[in-house]
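Participant: I have a structure here, written as C-alpha cells, and I will follow up with some questions on it.
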Amino acid sequence: MSGQIDTIVWDLGGVLVDWSPTYVYDQAYFENEADREYFFSHICTQDWNEQQDAGYSLQKATQEKLAEFPDPKWQQPIRDFYGRWIEMLRGPLPDTVAIFQELKQRQQFKFFALTNWSAENFHIALARFDFLHWFDGRLVSGEEGTRKPFPEFYQLLFSRYQVNPSSAVFIDDNLRNVKAGEALGLRGIHFQSASQLKAELKQLGITGY
C-alpha cells in the first residue's frame, strides 16, 4: 500500500495548530456554566463560525449577532469572539508538527493543507508558524468561498494541485470532514492524538514508526 500513497493532506486547527475558544472563554468568563453553554450552543456556535470560515465578513457577522442578541450580558462575549481571536491561537501542536517534519524530510510525499479558516485572520498564523510554509500548496476556505465538508472544496484541491484522491491520505480532527473526504475517494484518518496518528500512518505503511 505504501507505493500507492504519494500525497498527505492536512487539516490545520486541532491537528497542527492549537486553536480553541476555551483559551478566552474559561470558567471565569461567564457568571455560570449555563450561560457559557448557551453562548456556544445558541449564539456563537460552530456553524456560525464556519460561515466566516467560508468568507463571510467577521465585522458584519459580529454586528449582526450583536443585533440579534441585544441583552447586555451577551454583548462583550460576542465582541470577543473575533476581538480576542488571537488569544485563541495558542501555538503549534508540537508532536504532530514533528510527524509532519519527519515525513517532509523523506521527500517521498507531497503535502497540502485543506483548512476551514477565515481569510481575514489566516495571515496571523502564517506569520507565526513556519511549518505552514512547508506545504506544496494549501486551500484556505475563506479565500475560496467554500469549506469542508462541501464536496466542491475537496474537488478544488484535486483539480488545482492534480491530487489523485485514491493515492492520498487526509488527516482531520472533525469526523464529519473525514467522512466527506472518504466519500470522494480519500483515505481518511480521524485525528485524535499524535500517537494515534502515528499508529494509523504505520498501518498504511508510510512511516518508519
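The values are calculated or read from the model by the stated rules, or taken from the named source; none is laboratory data. This structure is a prediction, so every number in the text was calculated from the model and none was measured. FYI the Cβ positions are ideal-geometry reconstructions off the backbone, even for glycines, and counts take in every protein chain you see. Surface areas here come from the heavy atoms of the whole protein model, side chains and all, with no ligands, DNA or RNA. Shrake-Rupley method; radii C 1.70, N 1.55, O 1.52, S 1.80 Å.
Participant: Which one of Leu186, Pro92, Leu175 is farthest out on the positive end of the charge dipole of the chain, using unit charges on Cβ (Lys, Arg +1; Asp, Glu -1) and the Cα centre as origin?
Facilitator: Leu186
Participant: I've got another one for you. Going by accessible area, probe 1.4 Å, with all protein chains left in place, what is the ranking of Arg138, Arg160, largest first?
Facilitator: Arg160, Arg138
Participant: How many angstrom lie between the C-alpha centres of segment 176-209 and segment 1-41?
Facilitator: 18
Participant: Could you provide, to the nearest whole Å², the per residue accessible area of the chain with probe 1.4 Å?
Facilitator: 48
Participant: Can I ask one more? Based on the alpha carbon coordinates of segment 1-81, what radius of gyration and maximum Cα-Cα distance (Dmax) apply, in Å?
Facilitator: Considering segment 1-81 through its Cα atoms, Rg and Dmax are 17.0, 59 Å.
Participant: From the Cα trace of the chain, what convex hull volume per residue do you get, rounded to a whole Å³?
Facilitator: Cα-based convex hull of the chain, divided per residue, equals 119 Å³.
Participant: Give me the Å³ per residue figure for the convex hull around the C-alpha atoms of segment 89-209.
Facilitator: Taking the convex hull of the Cα positions in segment 89-209, it is 107 Å³ per residue.
Participant: Separate question: Please count, across the chain, the pairs of lysine residues with Cα atoms under 27 Å apart that sit 8 or more places apart or on different chains.
Facilitator: Counting lysine pairs in the chain gives 17.
Participant: What order, most packed first, do the peptides 25-36, 161-172 have when packing is the mean number of other Cβ atoms within 10 Å of each residue?
Facilitator: Sorting 25-36, 161-172 by mean packing, highest first, produces 161-172, 25-36.
Participant: Using a 1.4 Å probe on the protein chains only, how many percent of the accessible area of segment 43-183 belongs to carbon and sulfur?
Facilitator: 48
Participant: In the full protein assembly as shown, how much of His133 is accessible to a 1.4 Å probe, in Å² to the nearest 10?
Facilitator: So the heavy atoms of His133 present about 110 Å² to solvent.
Participant: In degrees from 0 to 90, rounded to the nearest 10, what is the angle of the helix 151-161 Cα long axis to the longest principal axis of the chain?
Facilitator: Rounded to the nearest ten degrees, it is 50.
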